[in-house]
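Worksheet: the structure to be examined is printed underneath.
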Amino acid sequence: MSKFNINLHEAIYSLSDALDLVGVDHIHHGKRVAFMAAECGKALNWSSQQTDDLFQAAILHDCGVSTTAVHAKLVQFEWEGEKEHCKLGAGILTSTPVLAHLSGIVLYHHTHWSDLKELDIPEDIKLKANCIYMADRVDVSVLRSVSNEPNILLGKEEIRQKIADKRGDWFSPELVDVFMQVSDSDAFWLSLEREHISGYVSTWVAHDLTQEIDFDDLKSIVQIFSYIVDAKSTYTNEHSEGVACLSRYLAELFTLPEANCNLIELAGLLHDIGKLRVPDEIIEKTTKLTDMEYQTMKRHSFDTYNILKQVKGFEEISRWAADHHERVDATGYPNHKGKKELSIEARIIAVADVFQALAQKRPYRKDLPPAEILSILKEQARTGHLDKEIVQMVEDFLTECWKKALLKTS
Ligand SMILES: [Fe+2]
Ligand SMILES: [Fe+2]
Ligand SMILES: [Fe+2]
């Protein structure tokens, strides 16, 4: 089985930067919650393993949120249906072997302590989930406070009081007590500012050494993020998964080395991660996009690159994924690269992306059958947009390509 050398903390942290993009104007929420939760964990003398789990769960706690509409609700102190994203997030983590142990924490991160303490689940899960809930509500209060009064120190006592009022009801008494202790200093609140929070998280990232990880484990982590991107719209359900599967199949037909086939699959899964920044209304729009909306949409492949390039070991993945809207005649975006500058892997993903999108229904058209998809691909190869040889390969294995794009097993 293929192995990858990767810093797991760094991979999770960088990819979760993409989750932050969904917030549009409420960014770094996951990181601030992770900082506050970890400070409480440390003050409670939790072991470094326990604090580490708490930190990772906190970074990922809102992984069940991919639409900007749901994200907008996160800034309310309490809202109807708030547990939906907890269930979704926990479900995603359960199917990821290396992170499955965090799913219980994410599942209960909006559950009041008065209910949570009665549940028949391990005590440490209850405390971690509740610690994240408390840190999460502090961050929401901070956001509200600074929108009225930019200096957080002037709003600090009001927020501390708000948390103290929920002692024993929403939050565990033990956690509230430790929060009151760590949040007493001004430094705690000033650390929430952007430059400090990034520094704090980078130190955490640096703690983890590069380790060997199986391809399947890495793929399951990457799938968390592809799932979040695809869940942005019902129309793009399994789009990234289909692009990944078809790209890998084509790479194998071109007899690319096994290592490249693995990487192209990961690049396919992540190619649209920059779309998390695009507001739902634009993704779901059934009529023609305005110039402004089109430009907002178009920048997603550039954002994909910026997110992925931070992960050491993802250098090729980031380039191949970011080039999926480049065209061999240099008419694509964002760099107007031509055939010579585009790797075969990038050219394969570009074809797979068009193929998969045409095989799915979109707000403005029905899903197309294989023969119609092929004729569009051939036209795009004729005009010089898509690579002719790759489109020829698709023609030679059309039915199989169609099944791969739609993840059909029979
Ligand atoms: Fe949440
Ligand atoms: Fe795209
Ligand atoms: Fe795509």
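Every number here is computed from the coordinates shown, using simple stated rules; none is lab data. Because the structure is predicted, anything quoted here is derived from the model rather than measured. All Cβ positions, even for glycine, are placed from backbone atoms using ideal geometry, and neighbour counts span all protein chains on display.
Mind listing whichever residues of segment 271-321 are under 27 Å from Asp387 (Cα atoms), more than 11 Å from ligand 2 (Cβ to nearest atom) and among the acidic types (Asp, Glu)?
Glu315, Glu316, listed by residue number.
Every residue, every condition in (1) touching a His at 6+ places or on another chain (Cβ under 9 Å); (2) surrounded by 15 or more Cβ atoms within 10 Å (Cβ to Cβ), yes or no:
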position: Ala267; (1), (2): yes, yes
position: Lys275; (1), (2): yes, yes
position: Ile283; (1), (2): no, yes
position: Thr287; (1), (2): no, no
position: Glu293; (1), (2): no, yes
position: Met297; (1), (2): no, yes
position: Gln310; (1), (2): no, yes
position: Gly313; (1), (2): no, yes
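State whether one or more residues within segment 244-260 are among the hydrophobic types (A, V, I, L, M, F, W, C) and outside any helix (DSSP H, G or I). Before you say what the answer is, go through the steps one by one.
First pass over segment 244-260, keeping only residues among the hydrophobic types (A, V, I, L, M, F, W, C): 244-246, 250-251, 253-254, 256, 259.
Subsequent filtering for residues that are outside any helix (DSSP H, G or I) retains 254, 256.
Yes, there is a match, as at least one residue in segment 244-260 is among the hydrophobic types (A, V, I, L, M, F, W, C) and outside any helix (DSSP H, G or I).
Quick check on segment 34-50. Is at least one of its residues free of Cβ contacts under 8 Å to residues at least 12 places away in the same chain, under 18 Å from Ala206 (Cβ atoms), out of contact with any helix residue (DSSP H, G or I) (no Cβ under 6 Å at 6 or more places or on another chain) and small (Gly, Ala, Ser)?
Taking every residue of segment 34-50 in turn, at least one turns out to be free of Cβ contacts under 8 Å to residues at least 12 places away in the same chain, under 18 Å from Ala206 (Cβ atoms), out of contact with any helix residue (DSSP H, G or I) (no Cβ under 6 Å at 6 or more places or on another chain) and small (Gly, Ala, Ser).
Take His324 and decide whether it is within 16 Å of ligand 2 (Cβ to nearest atom) and farther than 19 Å from Lys275 by Cα. Outline the logic, then answer.
On the way: within 16 Å of ligand 2 (Cβ to nearest atom): yes; farther than 19 Å from Lys275 by Cα: no.
Here the answer is no, as His324 does not meet what is asked.
Just a yes or no: is a residue in segment 53-64 crowded, with 16+ Cβ neighbours inside 10 Å and without any contact (Cβ under 8 Å) to a residue 40 or more places away in the chain? Working first, answer last.
Initial filter on segment 53-64 (crowded, with 16+ Cβ neighbours inside 10 Å): 53-64.
Now restrict to residues that are without any contact (Cβ under 8 Å) to a residue 40 or more places away in the chain: none.
No; the residues of segment 53-64 include none that is crowded, with 16+ Cβ neighbours inside 10 Å and without any contact (Cβ under 8 Å) to a residue 40 or more places away in the chain.
Give the residues of segment 363-382 that are among the charged types (D, E, K, R) and surrounded by 15 or more Cβ atoms within 10 Å (Cβ to Cβ), sorted by residue number. First the steps, then the outcome.
Just the residues of segment 363-382 that are among the charged types (D, E, K, R), to begin with: 365-367, 372, 378-379, 382.
Matches in segment 363-382: Lys378 only.
Go through segment 333-362 and give me each residue that's crowded, with 20+ Cβ neighbours inside 10 Å and of a type in the set (Gly, Ala, Ser).
Residues satisfying the conditions are Ala346, Ala350, Ala352, Ala359.
If only one of Ser202, Ser247, Ser220 is of a type in the set (Gly, Ala, Ser), without any contact (Cβ under 8 Å) to a residue 40 or more places away in the chain, closer than 22 Å to Tyr305 by Cα and out of contact with any strand residue (DSSP E or B) (no Cβ under 8 Å at 6 or more places or on another chain), which one is it?
Numbers: Ser247 fails: without any contact (Cβ under 8 Å) to a residue 40 or more places away in the chain; Ser220 fails: without any contact (Cβ under 8 Å) to a residue 40 or more places away in the chain.
Only one candidate qualifies: Ser202.
Among the residues of segment 220-231, write down those that are out of contact with any Asp or Glu (no Cβ under 7 Å at 6 or more places or on another chain) and not polar (S, T, N, Q). Working first, answer last.
Applying the first criterion (out of contact with any Asp or Glu (no Cβ under 7 Å at 6 or more places or on another chain)) to segment 220-231 yields 220-225, 227-228, 231.
Matches in segment 220-231: Ile221, Val222, Ile224, Phe225, Tyr227, Ile228, Ala231.
I'd like the full set of residues that are of a type in the set (Val, Ile, Thr) and away from ligand 1 (no atom under 16 Å from the Cβ), limited to segment 228-244.
We begin by selecting, within segment 228-244, every residue of a type in the set (Val, Ile, Thr); these are 228-229, 234, 236, 243.
Matches in segment 228-244: Val229, Thr234, Thr236, Val243.
Name the helices (runs of 4 or more DSSP H) wholly within segment 78-173 that hold at least 1 residues that are among the aromatic types (Phe, Trp, Tyr)? Show your work before the answer.
Values: elements: 84-94, 103-107, 113-116, 123-148, 152-165.
Here the list reads 113-116, 123-148.
Across segment 229-244, what is the number of residues that are more than 12 Å from ligand 3 (Cβ to nearest atom) and either among the hydroxyl-bearing types (Ser, Thr, Tyr) or crowded, with 22+ Cβ neighbours inside 10 Å (or both)?
Taking segment 229-244 first, the residues more than 12 Å from ligand 3 (Cβ to nearest atom) are 231, 234, 237.
Then keep just the ones that are either among the hydroxyl-bearing types (Ser, Thr, Tyr) or crowded, with 22+ Cβ neighbours inside 10 Å (or both); that gives 234.
Qualifying residue count for the region: 1.
Give segment 204-220 a look and list any residue that's closer than 25 Å to Ala38 by Cα and surrounded by fewer than 20 Cβ atoms within 10 Å (Cβ to Cβ), or say none.
Scanning segment 204-220 gives Val205, Ala206, His207, Asp208, Leu209, Thr210, Gln211.
Could you list, in sequence order, all residues of segment 343-382 that are in contact (Cβ under 8 Å) with a residue 60 or more places away in the chain and β-branched (Val, Ile, Thr)? Talk me through it step by step, then tell me what you get.
Let us first name the residues in segment 343-382 that are in contact (Cβ under 8 Å) with a residue 60 or more places away in the chain, namely 344-345, 348-349, 351-353, 355-357, 359-364.
Scanning segment 343-382 gives Ile344, Ile348, Ile349, Val351.
Restricting to segment 65-84, give me the number of residues that are within 20 Å of Ile273 (Cα to Cα) and either in contact (Cβ under 8 Å) with a residue 24 or more places away in the chain or more than 13 Å from ligand 1 (Cβ to nearest atom) (or both).
We begin by selecting, within segment 65-84, every residue within 20 Å of Ile273 (Cα to Cα); these are 65-72.
Checking which are either in contact (Cβ under 8 Å) with a residue 24 or more places away in the chain or more than 13 Å from ligand 1 (Cβ to nearest atom) (or both) leaves us with 65-69, 71.
Number satisfying all stated conditions: 6.
Can you tell me how many residues in segment 314-327 are in a helix (DSSP H, G or I) and not hydroxyl-bearing (Ser, Thr, Tyr)? Explain how you work it out, then say what you get.
Step one: filter segment 314-327 for residues in a helix (DSSP H, G or I), giving 315-322.
Right, trim to not hydroxyl-bearing (Ser, Thr, Tyr) and you get 315-317, 319-322.
Adding up the residues that qualify gives 7.
With the structure loaded, tell me whether Ser103 is of a type in the set (Gly, Ala, Ser), surrounded by 13 or more Cβ atoms within 10 Å (Cβ to Cβ) and out of contact with any helix residue (DSSP H, G or I) (no Cβ under 7 Å at 6 or more places or on another chain) or whether it fails that test.
Working: of a type in the set (Gly, Ala, Ser): yes; surrounded by 13 or more Cβ atoms within 10 Å (Cβ to Cβ): yes; out of contact with any helix residue (DSSP H, G or I) (no Cβ under 7 Å at 6 or more places or on another chain): no.
In short, no.
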